[in-house]
Amino acid sequence: MRAHWLGGTAAFLAFAATVGDARQARPAVQPAPAAASATPARNALLPATQALFDGFVASGKMPGIVAAFGLGDSPPQFVAAGRIADDAGAPIAGPDSLWRIYSMTKPVTGIAAMLLVEDGRISLDDPVSKYFPAFANMRVLTSPDTSLDSVPAKNPILIRHLLTHTAGLGYSISAKGPLLQDYERRGIVPAQVNAQVEVKARLTRPTSLAEFANRVAAVPLIAEPGTKWHYSIGLDVMGAVIEKASGMPFDRFVQARLLDPLGMRSTYWSVPASEARRLSTNYVFVGDNRAPIDPGATSVYLKPPSFPYGGAGLVSSARDYDRFLHMLANGGTLDGRRVMRAETAALAMSNLLPAGVSFAGLGDGTGGAMSARMGFGAGGSVYLEDAPGGVPSKGTFGWGGAAGTIAWVDPVKKMRGTVMVQYFPAEKWGLRQSVPAALARDMQRLAAR
C-alpha cells in the first residue's frame, strides 16, 4: 500500500445502501471473460470517478484505466475508460483486461507464506538459513553506496524480515555503485521489462528460485537484519523459501492454494497465447511524451520467466485482484469457501515489523506524504491508526505496482479497491491522490440521495 491513496473510505458506508438491492452471491468460479465490447461500459453510480477516468484518457495521459471497488459481499463496481493500448483496434479496457501488476505480486506472495505459517510448515521467526544454509553467515556493508567492505552480521535473517523488507537485503531498482554492479553481475534482477532487456538479463540471471536465493546469500547486506525498513528482494527470496518448505514449485503452490480456490482465472506468471489479446501495452513517459516499452502483442510476459518472481512477476485483471482482496476483507473466505483461517488473515494484515523498526514510506513512490502512522505486514503496508477524517482507517492493508497499479483492503469495514493502469513512472499522474478524491465525491453524492 502506498500512503494517501484511499481518500474515500468512510463514505463507502453510504455506498452499501445504493447497491444493496443488487447484492447477490457470486459463483465460486468465474465464467470465461467475454470478448471486448465496442464501447466502454460506464458506471452511473460513480460519476465523478468515471469522469476522472474519462478525462485521463481524453487528455492523452493514458490509453486506458480500469478500477474495481467493493464493499462487503456486494458485487464489485467497475469503472473503466479507454483501451488497453494506443494501437488502432486495441480492445476496450475492462474488468478482464490484463495488466502487469509488478509489486502488487508482493502481497500475494506474503499471503502464500502465511498459508505455510498456518500449516505449521514455517514460522515467522524461523531463520532463513533453516531452508537455505547459505544465509547462515551473512555480512553487512559498512558503506552500502560506495563500497563492498563488510563486517559479520550480528543477527540472523528471519522469515518475518523477508515479508517486511527488514532483512537488510537491497534491490537493483535502488542499489548504487559497487552493490548494484554486484547484483547485476550475479543476475540478481528478478523482474521483466521487455523482450530486449530480457535477452540481456538472462545472460546472467539464475534459472531457478533455489539458485537465486543462494546467489542473494553471497552478497553483503545493506543493514543489520531486523533493524531497518528498506525496500528489497525479500519477497523474491520468500518465494524460494515457500518452494523449499512446501515441497512444490512456488508458482504451483500459489496456483493451488490461492488462485484456483479464489477463481482467479486471469492471473498468470506468463500469459497464454490464447489470452494474449487481453494483455495491455506498458508505456514509459519521458516528460509528457508516452512511448510503448512492452507492447502487448510482443510482451515479455507471453513467455515463461526465468523463474516465478515473488516480488514483481504476476499479470492480473481488476476482476481477479478484487477477488483476492475480497477474500482478505472477509477474513479468509470467498463465496462460502475458506482459503485461510480468519486469524491467519488478520495476522498477515497486522504490523509484523521487528520491535523498534518503523515504516516511513518510499519517498515519491508513496503517492504523497503519509497521512498516519503505518507499519508493515505480509508483503504490504498497514495503517496503525486512522488518518485524519478516518480515511484511510486503521487496519487498511495493501500495496501498489511500478506501472501505476494500486490495491487496498480495509478488513474492518470490509472495503477494497483495485486500480489498473500501465505506465512508468507510477506517480506520473498522481492517481493515488486523484482517484480517492473522486471516489469520495461519489460517495457523498450517493449518501445525499
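With respect to T281, determine if the residue is at pLDDT 95 or above, polar (S, T, N, Q) and out of contact with any Pro (no Cβ under 8 Å at 6 or more places or on another chain).
When the stated conditions are applied, T281 does not pass them.
Filter the stretch 128-138 down to the residues that are crowded, with 18+ Cβ neighbours inside 10 Å and either over 15 Å from L221 (Cα atoms) or at pLDDT below 95 (or both) and list them by number.
Y131, F132
For the stretch 70-85, does any single residue satisfy the condition of being assigned to a loop (DSSP other than H, G, I, E, B), free of Cβ contacts under 8 Å to residues at least 40 places away in the same chain and not hydrophobic (A, V, I, L, M, F, W, C)?
Within the stretch 70-85, not a single residue is assigned to a loop (DSSP other than H, G, I, E, B), free of Cβ contacts under 8 Å to residues at least 40 places away in the same chain and not hydrophobic (A, V, I, L, M, F, W, C).
If you check K228, K244, which single one turns out to be within 24 Å of L353 (Cβ to Cβ), surrounded by fewer than 21 Cβ atoms within 10 Å (Cβ to Cβ) and among the charged types (D, E, K, R)? Show your work before the answer.
Details: K244 fails: within 24 Å of L353 (Cβ to Cβ).
Unique residue meeting the criteria: K228.
Restricting attention to the stretch 391-408, and to residues there that are in a loop (DSSP other than H, G, I, E, B) and aliphatic (A, V, I, L, M), which single residue is nearest to T109 (Cα to Cα)?
A402
Can you name the number of the only condition in (1) at pLDDT 90 or above; (2) buried (at least 19 other Cβ atoms within 10 Å of the Cβ); (3) in a loop (DSSP other than H, G, I, E, B); (4) of a type outside the set (K, R) that E385 fails?
In the conditions (1) at pLDDT 90 or above; (2) buried (at least 19 other Cβ atoms within 10 Å of the Cβ); (3) in a loop (DSSP other than H, G, I, E, B); (4) of a type outside the set (K, R), E385 misses (2) alone.
Name the residue, out of T49, T9, that is within 26 Å of the chain's Cα centre (by Cα), at pLDDT 95 or above and not hydrophobic (A, V, I, L, M, F, W, C).
After ruling out the rest, the residue left standing is T49.
Select, from V300, V271, V339, V315, the only residue that is within 15 Å of the chain's Cα centre (by Cα) and crowded, with 18+ Cβ neighbours inside 10 Å. Can you show your working first?
Details: V300 fails: within 15 Å of the chain's Cα centre (by Cα); V271 fails: within 15 Å of the chain's Cα centre (by Cα); V339 fails: within 15 Å of the chain's Cα centre (by Cα).
Going through V300, V271, V339, V315 in turn, the sole match is V315.
Would you mind stating whether G89 is closer than 27 Å to T267 by Cβ and without any contact (Cβ under 8 Å) to a residue 12 or more places away in the chain?
yes
If I ask for residues that are without any contact (Cβ under 8 Å) to a residue 60 or more places away in the chain and under 24 Å from the mean Cα position of the chain (by Cα), which ones from the stretch 185-196 would you list?
Correct list: G187, I188, V189.
Consider only pairs whose beta carbons are under 7 Å apart and that are at least six residues apart or on different chains; among these, list those whose first residue lies in the stretch 150-177 and is surrounded by 24 or more Cβ atoms within 10 Å (Cβ to Cβ) and whose second residue is basic (K, R) and assigned to a loop (DSSP other than H, G, I, E, B).
Matching pairs, first to second residue: T166/K228.
Among S434, S393, which is in contact with a Ser or Thr (Cβ under 7 Å, 6 or more places away or on another chain), hydroxyl-bearing (S, T, Y) and either modelled with pLDDT under 95 or not assigned by TED's automatic domain parsing to the domain that holds R319 (or both)?
Just one listed residue meets the conditions, S393.
Quick one: how many residues across the stretch 62-93 are of a type in the set (D, E, K, R) and crowded, with 19+ Cβ neighbours inside 10 Å?
Looking only at that region, the number is 1.
Taking the residues in the stretch 318-336 that are surrounded by 21 or more Cβ atoms within 10 Å (Cβ to Cβ) and acidic (D, E) as candidates, determine which candidate is nearest to A213 (Cα to Cα).
It comes out as D320.
Looking only at the stretch 124-159, which residues are part of a strand (DSSP E or B), hydrophobic (A, V, I, L, M, F, W, C) and under 30 Å from the mean Cα position of the chain (by Cα)? Write out each step before concluding.
So in the stretch 124-159, the residues part of a strand (DSSP E or B) come out as 127, 139-141, 150-152, 158.
Checking the rest, the ones that are also hydrophobic (A, V, I, L, M, F, W, C) come to 140-141, 151, 158.
Once the filter is applied, which keeps residues that are part of a strand (DSSP E or B), hydrophobic (A, V, I, L, M, F, W, C) and under 30 Å from the mean Cα position of the chain (by Cα), the stretch 124-159 yields V140, L141, L158.
The values are calculated or read from the model by the stated rules, or taken from the named source; none is laboratory data. The model shown is predicted, which means the values in this text are computed figures rather than measured ones. Don't worry about glycine lacking a Cβ; one is built from the backbone with ideal geometry, like all the others, and counts go over all protein chains shown.
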